[in-house]
Amino acid sequence: MDIEKIGKIHPTTEELTECSSVKSTPNYNSINTQSTLELVESDEKKQRSFCDRNGSLLIKVLVLTILIGYFLWATYYQVFLLETSLNASLCTGYGFLIILYCLIIYGISYNYLLKPRVLPKVDKHLWKPLVDSIRETKHSALIFYIVFYSGLAIFLIIDTANDRHRLISLSGIMTFMLFGFIMSPFKSQIKWKTILNGMVLQFILALVIIRWPPGEEIFNCIGNKVTTFLGYSVEGAAFVYGDFLIYQQGVFAFKSLCTIYFIGFCINILYYYGIMQKFVSVMGRFYNFWLGTSACESVNSAANIFLGMTEASLLLKPFLPYLTESELHNIMTCGFATTSGTVLAAYISFGANASTLITASVMSAPSALIFSKLMYPETEEPEITIDNVNITTTSFSSVLDAACTGASDAVKMVLNIIAGVIACLSFIYFLNGCLTWFGTLVGFTTPENSWTVNFFVGKLFTPIAFLMGVPWQDCGKVAELIGIKTMVNEFAAFERMSTMVLLPKSKTIATFSICGFANPGSIGIMISALTALIPNRRAVVTKLVFRAAAGGAVVCFMTACIAGLLIPSNKQSS
């Protein structure tokens, strides 16, 4: 082996010592540079973490600053330059802006001050002791009922002094309540406290909305805002389909139903940000406290004010398998008795008053709760309580995803409505043709006396229209509307009402009575939706659905009776 080559490969001892000394000598320049980089990276991490932690707060502060600045600017312009009167602009101008800012301030105060700090102390030291002391007082509920219903009776006696015809509606309420009691399979299980509390709430809402001028103005304002808001969908529809179909012809499928896309778009945005869930939760807790209904029933009833019967059921999807038969009956009854916010615009396009529609939807929710408990009272122990129920969260990836999903889901609803209207109306026209032919054979040949579905249904529902307080000259017409709504759907009924000449009071009562989903098509939708969500309870759903549909229709009649009782006969429509 070549010794020289080996020497070149393996370093000598001196070389190893030299290398070792070189390696052990620290490089102060590199250490300083590395330390500087670490400090810079640490500062960047601190800055990044601060932005990550407070980015949402900074955006909120920025938006709030802009809003406050705009409000001050508008205040200076309206108050000091134009000298605007607040009373004249509460619903349209600067006064309405003040209302909006008050709501914003309340929301901020509730989230950051009232809810975490103030309300828990008020609830612990004031509200709970007060409620407990009232409940422990002997005969406190009985005294309350006597005082309230006696006061209501005195008010009605004085208020109807010159218009006793309105008291017919009171007999209508009693008749429908008797019907619910007769239909109840468990009469001994009825909780009359729930029924009485519900009627108290019904009359309070009616008095505030119908007879109290500020309340009436508020709901008229809300109705006008809803009409204006939904009117923007017409402009969008005109861009797609053209002015001829929308503005000149007013085709139902293109003009009226296109608002459903817009509403579905907006409602999903509210659900994405949790606004609708919070409102529904608050309303549900109120119903649970005042009426004593279960958690799921209360939440579903509150949701039905704005949502359709299937959408409201989806909120409680995880809990549906555990509901009792009475709770399922209640959920279906609320669905049939109320209407969806997505279809209000279609009714408005037929000439229905927006504030009346909103009032009917708000009043029907508690009415459906109590009437359902009258027709099918609770005989089991509910598993889901107000403490363990949580409204399902949305699965949207972004607000844009939520909005687009709402608009695309509306396509299915629009197609279902179009298909249902075409099929049902075609069948009614077929029946009319057959009945007219049979009628001509026995002498019914004139258009006024010809045999039609509307002719027979009008005769059948005329006593119901009379019990609701409809003036006798309009009873036949309103009865016809009720029959069309019951046999076809509410769209056909509102379309027919737009061609009728009715007294203002008759039109209001008719709007209350047909503002609901109790019709054959909705029964099929309800069965399909609930059996898809809870397939193991299909037998229970099919057993109760027709009873719930009848209850939903009667609930609409009851709210119409309350309207007929409180609305003066000479009052003009808003």
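The values are calculated or read from the model by the stated rules, or taken from the named source; none is laboratory data. Here the structure is a predicted model, which means the values were calculated and not measured. A quick note on method: Cβ atoms are made from the backbone with ideal geometry, for glycine too, and the neighbour counts reach across all protein chains shown. Surface accessibility is based on the protein's heavy atoms, side chains included, excluding ligands, DNA and RNA. Shrake-Rupley method; radii C 1.70, N 1.55, O 1.52, S 1.80 Å.
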Report task. Would you mind working out the accessible area per residue for the stretch 276-333, using a 1.4 Å probe, and quoting it in Å²? Result -> 30
Requested in this report: Taking the chain as the reference, fit the longest principal axis to its C-alpha atoms, fit the long axis of helix 28-75 to the helix C-alpha atoms, and give the angle between the two in degrees, 0 to 90, nearest 10.
Outcome: 20
Query - Cα-projected label distance for Glu381 with Lys317, points at 7 Å along beta-carbon direction, nm - result: 3.0
Query raised in the report: What does the highest-first list of 327-334, 514-521, 273-280, 245-252 look like by mean Cβ count within 10 Å?
Result: 327-334, 514-521, 273-280, 245-252
Report summary line: The helix 140-159 Cα axis meets the longest alpha-carbon principal axis of the chain at an angle in degrees, between 0 and 90 and rounded to 10, of 50
**Report entry** For percent of Cα pairs over 35 Å apart, calculated from these coordinates, the label among (1) 61; (2) 49; (3) 40
**Finding:** (2)
Requested in this report: Report the calculated FRET efficiency for Ile68 and Glu217 (r = Cβ-Cβ distance, R0 = 30 Å), to the nearest 0.05.
Outcome: 0.60
Query raised in the report: Once label points are set 7 Å from the Cα along Cα→Cβ at both Asn432 and Arg164, what is their separation, rounded to one decimal in nm?
Result: 4.1
Requested in this report: Please list 257-267, 285-295, 526-536 highest first by mean number of surrounding beta-carbon atoms within 10 Å per residue.
Outcome: 257-267, 285-295, 526-536
**Report entry** Two-site FRET efficiency, Tyr77 against Tyr232, from Cβ-Cβ distance with R₀ of 25 Å, rounded to 0.05
**Finding:** 0.45
Query raised in the report: Mind checking the angle between helix 213-241 and the chain's longest principal axis? C-alpha axes, 0 to 90 degrees, to the nearest 10.
Result: 70
Report task. Go through Lys317/Lys543; Lys412/Lys485; Lys507/Lys543 and tell me which ones have a Cα-Cα distance over 32 Å in this structure. Result -> Lys507/Lys543
